[in-house]
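Notes follow once the structure below has been shown.
Taken together, the values in this text are just the output of simple stated rules run on the coordinates, not laboratory data. Here the structure is a predicted model, which is why all the values come from computation and not from measurement. Every residue, glycine as well, gets a Cβ built from its backbone with ideal geometry; the counts of neighbours run over all protein chains shown.
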């Protein structure tokens, strides 16, 4: 069960990080614009914050070594999944969009 | 030398990767199968009866001890293995000491206990999961020492490849999630980056720890320098380096009643929450006779160590080893356990497996990139050229290895049961299949080689569960009924891999046919004909 929470945190963390890059954001939303610096930083900081939370959660739950093993393994899996989604089904991620300027 | 740093690193990355690429691919794939060695072993020994209900531990151990007394009365060392999640059966093993008069070599024997009847059964002779994963560091046919040194060298170059790869990859963060399909060489580079960067922590760990694991061999001259040459001197080094911190205590147990039964009673009280995995008797009949109890319990990634019971100056003494005394040995242990992943549950085990495959994919795409880049630089001339020979051999190896592994499984089921050297023949089948697919690939155009080999691989994986159904009494439905999860998991995995290869074949089929490339051997023939015509 706790592994599921870690996976969800990693998932949202990586999605936010990937969308903080204009390249992926535009592909997901079919746009051709530059992300505003504000959104970019909101995405990026919250993305890293979620990753950090998941790693701390893992270490707390399973101890330092095992926590890190679980985190790296799960991170690899989720990053792979998001790469696949971004390449073949990018609009799946369109539920996250920037605030209107 | 190349003038700029990144360029020279690029050069190093290219040639280090290419020169040992095929060997590294072999190491990655066969090593990855090692994460499921027990599961493979169970499939390759269909005679084993698994324990599908709660057993009466005392009764089973008594039956096992009885069998051991019958089968190996003179053995000085034996083990009883109790059911665990990855080995759900009872096994007994004993050491046959060498006997020069009767021409018997020192060897280990193994039987499987039927918990219903109490009989000890033998399984078919098979090389099993162990031989398969051992190939990734002994390379099987060559002398052991040469295998160790060659794999160590490949590992060292892999590490160089990883470090230089990180240096030359300029946009490691920006391209973290990037895959651009259908862009030719760009797509291959993207895949290569994804396979390398996403599991990078795994790659670094597995490569570095791989180097450490064989350091006793590659760095043996360092030990020679300090301790002297020869096995006995090296033993001194290992005894010192791998010293355990031990805790000893005497317990209230009369020495007259010191036996397996009383020991197990004491274990049951002292270690209430621990499940026993192995029970061993060491140095039977000597003064130092002792029982070893191994628990099926991990703390983090370390196995909770063993407990030893023995008689010491008329008292029963128990001894537990907590951890290694030296910090170097502790670090070695850490990396060894990370490398082997014995602690991993089913989730992490599959991710280990996936990471290993991604590593193999990284090497394979690296070689494909090497070939593609050279083909762009020197457009194909019609003559036989080295690059296209390499391209064909490469296809034969990339697809040939999965074919070889499947052939290994097929051989296990189809080779006659009583053939001499059966286990060895399984391995021969492995390498024959690999060689055959390389030759096959050389005979066809690249596109046809990819397609035919992929379809063939899909077919032999998809039919493996069928072979299992026909040649043994096991099948997918029965495995569910008997809750034989390892057998079921293996059959389903084979179906899954078969589907993956079929999908790969469909994808290759969909891609547009590039400029027609003619098969090399045909080329060779025309060339010979031309020469003949000239003469």
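A few notes on this one:
- Extension gain from residue B:244 to residue B:331, taking 0.36 nm per residue of separation minus the Cα-Cα distance: 30.0 nm
- 0 to 90° range, to nearest 10: angle between helix B:520-534 axis and chain B longest Cα axis: 40 degrees
- FRET efficiency for the residue A:94 to residue B:57 pair, using the beta carbon distance and R₀ = 45 Å, is estimated at 0.20.
- Where labels lie 7 Å past Cα in the beta-carbon direction, separation of residue B:5 and residue B:225 in nm: 3.0 nm
- The Cα trace of segment A:2-93 gives Rg and Dmax of 14.2, 45 Å, the first to one decimal, the second as a whole number.
- Cβ crowding within 10 Å averaged over residues, with B:429-437, B:189-197, B:21-29 ranked highest first: B:21-29, B:189-197, B:429-437
- Residue exposure sequence - B:293, B:168 - by fewest surrounding Cβ within 10 Å: B:168, B:293
- Rounded to the nearest 10 degrees, the angle from helix B:128-138 to the longest Cα principal axis of chain B is 60 degrees.
- Comparing A:14, A:72, A:88 in a Gaussian network model of chain A where C-alpha atoms under 10 Å apart are linked, the largest mean-square fluctuation is found at A:88.
- Both radii come from the Cα set of segment B:213-318: Rg as radius of gyration, Rh as Kirkwood radius; their ratio Rg/Rh reads 1.08.
- Spin-label pair residue B:97/residue A:8, simplified geometry with 7 Å Cα→Cβ offset, distance in nm: 6.2 nm
- Averaging over all projection directions, the Cα-based convex hull of chain B occupies 32.7 nm² in the image plane.
- Partner chain coverage, peptide A:77-84 - average Cβ within 10 angstrom: 4
- If the segment from residue A:56 to residue A:38 were pulled out straight at 0.36 nm per residue, it would be longer than the present Cα-Cα gap by 3.8 nm.
- Relative contact order (percent, whole number), chain A, Cα cutoff 8 Å, 6+ residue spacing: 36 percent
- Computed from the Cα positions only, the extents of the protein assembly as shown along the three principal axes stand at 84, 78, 60 Å, in decreasing order.
- When shorter helices are ignored and each DSSP H run of at least 4 residues is given -39500 (n - 2.57), the per-residue value for chain A at 222 nm works out to -26000 deg cm²/dmol.
- FRET efficiency for the pair residue B:235 and residue B:109, taken as 1/(1 + (r/R0)^6) with r the Cβ-Cβ distance and R0 = 30 Å, rounds to 0.70.
- Added length on full extension, which subtracts the Cα-Cα distance from 0.36 nm per residue, residue B:386 to residue B:478: 27.9 nm
- Efficiency of FRET between residue B:74 and residue B:130 - r from beta-carbon atoms, R0 25 angstrom, step 0.05: 0.45
- With the simple model of a label 7 Å out from the Cα in the direction of the Cβ, residue B:269 to residue B:121 spans 3.9 nm.
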